[in-house]
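Beneath this line is the structure, given in structure tokens, with notes to follow.
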Amino acid sequence: MYPRMMNENIFAVGAFDWDRTLFDALIPLPYGTTYNAYLIKGSKKTVLIDTVDPSKLAVLKRNLNNLNIDRLDYIISNHAEQDHSGSIPEILNLYPMARLLTGKKGQDMLLPLLDISPERIQVVEDREILSLGDKTLQFIFAPWVHWPETMFTFAVEDKILFSCDLFGAHLASSELFASKNENTLQEAKRYYAEIMMPYGGRIVKHLETLQNYDIKTIAPSHGPVYDHPEQIMSAYHEWVTGDLKNEVVIIYVTMHGSTEQLVFRLTDELVKRNISVTPFNTVTASLGDLALSLVDAKTVILGSPAYLMGAHPNLIYAAYLINTLKPRTQNVGIIGSFGWGNKMVNQLTDMLKDLTVEYLPPLLVKGNPRQQDYLDLVALAEKIQQVHQS
Ligand code: FEO
């Protein structure tokens with residue numbers, strides 16, 4: 001990535017990671033990602049906002065060199081996670097006069113993670129102002145999007161919000177601005193589902209806080225920069241507080257085909273009733289697609305064969321993830337087949353203990369589904385239709 005000018009004396013100096021395929025050893029990255037860092041040259045002080053993943057340190061150094069930055073006064077750490085902070089020690093070494101600005105919680109998290117001398121850190125407070133001469137920055141604490149220490153930095157005169165992970169997207173694109181990337185919102189939604197969804201309540205409060213700021217541009221720490229910030233702000237509002245949709249997500253696995261027969265028949269019955277439905281076979285499904293589908297769905301169905309005495313391990317994994325991602329889903333159903341022992345209903349409901357949901361009547365079939373079982377599936381589809389309309 002070559003440094004790109006966003007506004008007068010404000011540059012994007014981060015790095016592309018075009019071919020990274022996995023984040024957190026968990027999340028698939030179909031479009032790679034970026035680690036965004038921003039340089040602001042005020043008339044008196046020069047600031048770097050965040051750094052890059054250590055694997056891309058050379059890119060950041062080259063960008064600073066290309067801009068002839070021979071002095072940095074401050075490095076701002078909006079977020080201590082290493083994809084943004086990991087190059088801070090090297091940049092501090094490169095610019096021995098630079099102070100590292102972060103909140104108290106940021107300091108407490110950065111010191112154990114990185115080799116940084118505490119004397120280099122200057123702790124800032126919520127809403128503190130920093131003058132760069134002709135430019136002014138304000139720090140806005142924004143805990144739990146998605147770590148407790150996170151803060152935003154607002155460039156007052158330029159009206160740019162550096163929002164860290166919030167509003168981000170794992171999307172490597174040669175176009176800097178979201179208006180030139182038609183799939184930005186979809187990838188931002190995927191990112192929201194994978195990273196931010198558990199913190200919906202916090203995000204509502206942060207969105208309210210941001211209403212008090214005149215924001216012309218949002219510059220997150222992953223993906224394109226929003227030159228029309230109202231689009232992503234309103235999309236976030238919808239994802240966090242909007243009405244859930246007439247959608248069912250079925251997450252299943254099958255060993256000998258019985259559970260799959262149940263899933264496919266239920267899918268047909270839902271389609272007949274004009275209910276959108278997406279079945280995800282856990283053997284082949286992308287975790288990102290699955291998470292994305294959970295943002296709007298009113299109902300989730302888990303389909304599992306009995307594996308020995310309980311649910312199949314793939315469904316245990318899926319239930320754990322759903323419980324962690326905390327979608328706003330209102331209804332959960334469990335379907336499946338078994339041969340002898342069967343503890344899957346208790347096992348799966350226990351794993352979803354952090355969700356506030358109504359459980360639909362479970363439908364467990366001994367062996368292959370028969371005529372009566374299919375009639376029970378019709379009843380389940382009717383029940384789903386009923387709760388979606390209520
Ligand atoms: Fe992109 Fe939470 O780091």
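Derivation of every value follows stated rules applied to the coordinates shown; laboratory data play no part. Please read all numbers here as calculations on a predicted model, not as lab measurements. Glycine gets a Cβ as well: all are built from the backbone with ideal geometry, and neighbour counts include every protein chain shown.
Of the peptides 175-187, 254-266, the order by per-residue mean of other Cβ atoms within 10 Å, starting with the highest, comes out as 254-266, 175-187.
Residues of the stretch 326-342 with an amide N closer than 16 Å to a point placed 7 Å from the Cα of Tyr359 along the Cα-to-Cβ direction: 330-337, 342.
Pairs of Lys residues in the stretch 245-383, spaced 8 or more positions apart or belonging to different chains, with C-alpha separations under 14 angstrom: 6 in total. Computed over the alpha-carbon atoms, the chain gives an Rg to Rh ratio of 1.06, Rh here being the Kirkwood radius from the mean inverse distance.
Here the stretch 256-299 is scanned for amide nitrogen atoms under 14 Å from the site 7 Å beyond the Cα of Gln186 along Cα-to-Cβ, giving 289-290, 292-293. Electrostatic bookkeeping for Lys245 treats Lys and Arg as +1 and Asp and Glu as -1; over the other residues with beta carbon under 9 Å from its beta carbon, the sum is -2. Within the set of other residues whose C-beta is less than 14 Å from the C-beta of Thr153, count the net charge using Lys and Arg as +1 and Asp and Glu as -1. Net local charge, Thr153 excluded: -4. Once the C-beta distance of Val156 and Asp289 is scaled by a Förster radius of 56 Å, the resulting FRET efficiency is 0.90 to the nearest 0.05.
Here the stretch 19-60 and the stretch 304-360 have alpha carbon centers that stand 38 Å from each other.
Note: relative contact order over the chain, using C-alpha pairs below 8 Å and six or more positions apart, is 11 percent. Compared with the alpha-carbon gap, the fully stretched path from Gln231 to Ala379 is longer by 49.2 nm at 0.36 nm per residue.
To the nearest ten degrees, helix 229-241 and the longest principal axis of the Cα atoms of the chain are 40 degrees apart. The alpha carbon convex hull volume per residue for the stretch 1-140 rounds to 116 Å³.
On the beta carbon distance between Gln122 and Val387, with R0 = 45 Å, the FRET formula returns roughly 0.25. How many percent of Cα pairs in the stretch 245-383 exceed 20 Å? Roughly 39 percent, once rounded to a whole number. Helix 200-210 versus the longest principal axis of the chain: what is the Cα-based angle in degrees, 0 to 90, to the nearest 10? On a 0 to 90 degree scale, this one is about 30.
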